[in-house]
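Heads up, the thing below is written out as structure tokens.
The values are calculated or read from the model by the stated rules, or taken from the named source; none is laboratory data. Not measured: the values here are computed from a predicted model. Reconstructed Cβ throughout: ideal geometry from the backbone, glycine too, with neighbour counts over all protein chains shown.
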Amino acid sequence: MPETILIVEDEPALQETLAYTLKKEGYLVETVGDGRSALETARRLRPDLIVLDVMLPALDGFEVARILRKEMSTAILMLTARDAEIDRVVGLEVGADDYLTKPFSMRELLARVKAQLRRARLLREEIAQSRGSMEHDRLIFDNLVINLTRREVTLDGQVLALKPKEYELLLFFAEHRGQMLSREFILERVWGWDFIGDSRTVDVHVRWLRQKIEPDPSNPRRIVTVRGGGYRFEG
Ligand code: CA
């Protein structure tokens, strides 16, 4: 399947050149011209790579990178206008994977794009391997099995009585095995943007889940607390 690239560039001529170049290489390409559309499109599209200009209307590229980095592991290649050390440093700090200083050649761009996509592919393979063995519609973590079709969880073959939110939370953890997940991120993704409540909601549900899936809920091994951060699912 061809990889998907989102181009975020407000300068029409450059946007067009980038899109043309990348499409010719066989990638699926979408283009937007401002920071807000970048966020919306990235969330919908889940691209493999984002080519992200720094100077943008509505929300600059640094802000876009900072926000998206908390939500997805998509590779980000930043385009900086000046050859300024500060842009490079800030870009890498907000989570860009690489950067290109304007003006650059399309050959240079393609080389960077390919390098990032290769890196992202390797990362995905690693995540897939660490995800627990996936068997058809099931996620298996030793004696804990999540049946995706039936939305059912079993422990030692016994079906657990989970509330819908507990199931969604467990599934979210399982899909992000080994990653540190902040309470805010969990709240946003499992409960949604419009949820009125705070991160204690997450703590309460984690406590309930632990009582159901941990052999010793007071000494959790599956959903561990990360000090000063949030939670990590160990499977
Ligand atoms: Ca620009």
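Annotation note: Cβ proximity below 7 Å between a residue of the range 7-34 that is polar (S, T, N, Q) and a residue that is within 12 Å of the ligand (Cβ to nearest atom) and part of a loop (DSSP other than H, G, I, E, B) (sequence gap 6+ or interchain) occurs for Q15/E9; Q15/G33. For V202, the stated conditions do not hold, so it cannot be described as in a strand (DSSP E or B) and in contact with an Asp or Glu (Cβ under 9 Å, 6 or more places away or on another chain).
Tallying residues that are within 19 Å of R221 (Cβ to Cβ), at pLDDT below 90 and acidic (D, E) within the range 141-166 yields 2. Counting only residues that are of a type in the set (D, E) and either on the phi > 0 side of the Ramachandran plot or at pLDDT below 80 (or both), which one in the range 57-96 is nearest to the ligand (Cβ to nearest atom)? If we take residues in the range 57-96 being of a type in the set (D, E) and either on the phi > 0 side of the Ramachandran plot or at pLDDT below 80 (or both), then D87 is nearest to the ligand (Cβ to nearest atom).
Consider the range 55-79 and keep the residues that are touching an Asp or Glu at 6+ places or on another chain (Cβ under 6 Å) and surrounded by 21 or more Cβ atoms within 10 Å (Cβ to Cβ). The one that is farthest from R112 (Cα to Cα) is L56. Considered as a group, the residues in the range 40-54 that are of a type in the set (A, V, I, L, M) and away from the ligand (no atom under 16 Å from the Cβ) include one that is surrounded by the fewest Cβ atoms within 10 Å (Cβ to Cβ), and that residue is L45. Answer with yes or no whether S199 is at pLDDT below 80 and surrounded by 11 or more Cβ atoms within 10 Å (Cβ to Cβ). Here the answer is yes, as S199 does meet what is asked.
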